[in-house]
Protein chains: 2
Amino acid sequence: MLANTILIIGTGLIGGSFAKGLKQRNLIRCAIGYGRRYEQLELGIELAVIDEAARDLPQAIARADVIVLGVPTLTVADYLDVIAEHRKADSVVTDVASVKGEIAHVIREHYGVIPPWFVLGHPIAGSEKSGITASNSDLYVHHKVILTPEVDTDENALALIRALWEGVGADVVCMGIDEHDRVLAATSHLPHALAFSLVDCLQAMDANVDVFRFAAGGFRDFTRIAGSHPVMWHDIMLANKSAILEMMGEFKATLSNLENAIENDDSDTILAMFERAKASREHFAGLIDAASSTESNAAKSADLSKDKN
Amino acid sequence: MLANTILIIGTGLIGGSFAKGLKQRNLIRCAIGYGRRYEQLELGIELAVIDEAARDLPQAIARADVIVLGVPTLTVADYLDVIAEHRKADSVVTDVASVKGEIAHVIREHYGVIPPWFVLGHPIAGSEKSGITASNSDLYVHHKVILTPEVDTDENALALIRALWEGVGADVVCMGIDEHDRVLAATSHLPHALAFSLVDCLQAMDANVDVFRFAAGGFRDFTRIAGSHPVMWHDIMLANKSAILEMMGEFKATLSNLENAIENDDSDTILAMFERAKASREHFAGLIDAASSTESNAAKSADLSKDKN
């Protein structure tokens, strides 16, 4: 058992799956959930995601050894004061926001600093599903969780958060805030921007029915992420604006190189680029597959978990 | 039985799978294969892809009721004269090139016109595998095949080619050459260009190991097609240059709109775009899924076929 009482503020897919995973593995004694809709929390108790549903947030905060902010980035600020006021002296707080720079900024605005007891984190996982009913205790198995501790982050606080994530099966990595935001811009935010743009571009075309009718060979996967939650992705685009705009610029430059090469029948450039891309893709295929296959594993485990529960 | 003798010039995945599918369903009496490497053809006989391996191309042409040009776009021209010289008067010729405008141009250059006995076609199917050993008799089940007949295309020739493709399970659609090339530019060629560009862009980044290490959530699928055959895609980019450059321009404009909206914190524009994309994606999900799910079905059937053979 790693901690006694954990409080999940915002029991969506991310926070809910974390709680469920910890409970199932007996890593915590009691999981309290707090969220906007009480009936959802009650459902969460039935689904063994949490043990209790909090009505009184200050009280719940005062009981917690670990507090997880599972709410969207833009609402984290709403909880910072009540947490600071009621938390136990030795409790640890963490978050799950996909952009760390913005959260760090919000926290500094509220507290003046990032407190030693606040460990910024980002579990790289998820699915198109959402909400407490989608909670999956194996969601994080073999998934990466990035923690972005500061110089002043308390070592024990960091160690505890790391242990909790590792406890539910995640691979935990530490890196700097800016590095995190750049890596995520490249591997997640930009691809989403491209997928949204591609679908938007095609739906505007004449005969778009035919366009989608003849979609095949990867198009579905390419655009699947364009079915992602618009509000969440709007928030991410603005929260990670600087890194995303930088990546967009790099991408447009690369695409323009290809465009010019095609225009000029420049076979050498086209071939070199495609061969370089294929080589990279294959070189890193092992890494990419390892990161991605766990999604299907988690989905299978989710089915098994449902049966068990 | 739809035809007596079929000649496949270029027994790669596409031509080989067509032959294998026709043979397995007893739609033709005899399939002759012709290709650069005789030992591959012999392997094709063992694998029940073809019945005979041709050493003498003119002789094989003279025997054929149907000739399928399964060779890459840029080599089709090499066969046009020998076909015209030795073909039976009532034989039908078809191709499988993914860009129709370029092939039409090549054919007109050679013959002055597109002959009534030449039915241009494009089976939209494939996988990362290649070669005669990858031939799969169910590759085309529920896949689209686009035929682009001209005004002068012989009706019976068209009907025969249609029947052969439908015989191996494909859904056959007719459309104009330009329309075909635009649809393919949008749904296949541009996504490939984007995937190649994304991977090339990322591999050039500092710390690219980290970049690929943290790839998750759709990145693999997004970039899977960047593992496609560089030469084949080089050929396609140049063969469909005009439609591809047009699509690239449209795409870059859409991406720039998003870029500007992010730069200007223009929430309304960002949200509208993402919601539009999500709505389209879901509206067309049925079509896209139907087009794509057959890939996995075909793969499963391929395993079954292997056992049968």
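Quick look at the values:
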read-out	value
Per-region count, region B:33-50, residues within 12 Å of B:T133 (Cα to Cα) and open to solvent by less than 20 Å² (accessible area, probe 1.4 Å)	4
Residues satisfying the stated conditions in region A:43-93, i.e. in a helix (DSSP H, G or I) and charged (D, E, K, R)	A:E46, A:R63, A:D78, A:D81, A:E85
Yes/no for B:V76 being over 29 Å from B:H229 (Cα atoms) and touching a residue at least 24 places away in the same chain (Cβ under 8 Å)	no
Some residue of region B:108-116 being open to solvent by 10 Å² or more (accessible area, probe 1.4 Å), in a loop (DSSP other than H, G, I, E, B) and touching a Ser or Thr at 6+ places or on another chain (Cβ under 8 Å)	yes
Hey, B:A97 small (G, A, S), in a helix (DSSP H, G or I) and buried (at least 17 other Cβ atoms within 10 Å of the Cβ) or not	no
Test result for B:T269, farther than 30 Å from A:L245 by Cα, assigned to a helix (DSSP H, G or I) and either modelled with pLDDT under 75 or more than 8 Å from chain A (Cβ to nearest Cβ) (or both)	no
Count of region B:126-159 residues which are in contact (Cβ under 8 Å) with a residue 60 or more places away in the chain and crowded, with 20+ Cβ neighbours inside 10 Å	11
Residue in region B:176-197 that is over 25 Å from A:T223 (Cβ atoms) and either more than 8 Å from chain A (Cβ to nearest Cβ) or in contact with a strand residue (DSSP E or B) (Cβ under 6 Å, 6 or more places away or on another chain) (or both) present	yes
Residues of region B:51-79 that turn out to be over 25 Å from B:L120 (Cα atoms) and open to solvent by less than 40 Å² (accessible area, probe 1.4 Å), as a count	0
Out of A:I32, A:I8, A:I14, sole residue that is part of a strand (DSSP E or B) and touching a residue at least 60 places away in the same chain (Cβ under 8 Å)	A:I8
Candidates B:L202, B:L139, B:L120 - the one that is of a type outside the set (D, E, K, R) and either out of contact with any helix residue (DSSP H, G or I) (no Cβ under 9 Å at 6 or more places or on another chain) or not assigned by TED's automatic domain parsing to the domain that holds B:I45 (or both)	B:L202
Some residue of region A:86-97 being in contact (Cβ under 8 Å) with a residue 24 or more places away in the chain, away from chain B (no Cβ under 14 Å) and among the acidic types (D, E)	yes
Candidate set from region B:1-32 (those that are closer than 11 Å to B:I132 by Cβ and in contact with a Pro (Cβ under 9 Å, 6 or more places away or on another chain)); member that is modelled with the lowest pLDDT	B:G12
Filtered residues of region B:17-29 (kept if in a loop (DSSP other than H, G, I, E, B) and touching a Gly at 6+ places or on another chain (Cβ under 7 Å))	B:R25, B:L27
Region A:50-75, residues that are more than 20 Å from A:L160 (Cβ to Cβ) and at pLDDT below 95	A:R55, A:V71, A:P72, A:T73, A:L74, A:T75
Filtered residues of region B:83-121 (kept if closer than 19 Å to B:A60 by Cα and within 24 Å of the chain's Cα centre (by Cα))	B:I83, B:S91, B:V92, B:V93, B:T94, B:D95, B:W117, B:F118
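Results for (1) among the acidic types (D, E); (2) buried (at least 22 other Cβ atoms within 10 Å of the Cβ); (3) within 24 Å of the chain's Cα centre (by Cα); (4) modelled with pLDDT under 85, shown as yes or no for each residue.
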| residue | (1), (2), (3), (4) |
| --- | --- |
| A:A216 | no, no, no, yes |
| A:G227 | no, no, yes, yes |
| A:P230 | no, no, yes, no |
| A:K241 | no, no, yes, no |
| A:E246 | yes, no, yes, no |
| A:N260 | no, no, no, no |
| A:E263 | yes, no, no, no |
| A:F274 | no, yes, no, no |
| A:E295 | yes, no, yes, yes |
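The values are calculated or read from the model by the stated rules, or taken from the named source; none is laboratory data. Note that the coordinates shown come from a computational prediction; the quantities given were computed from them, not determined experimentally. Note: ideal-geometry Cβ built from the backbone for every residue, glycine included; neighbour counts use all protein chains shown. The accessibility values were calculated without ligands, DNA or RNA, using every heavy atom of the protein model including side chains. Shrake-Rupley method; radii C 1.70, N 1.55, O 1.52, S 1.80 Å.
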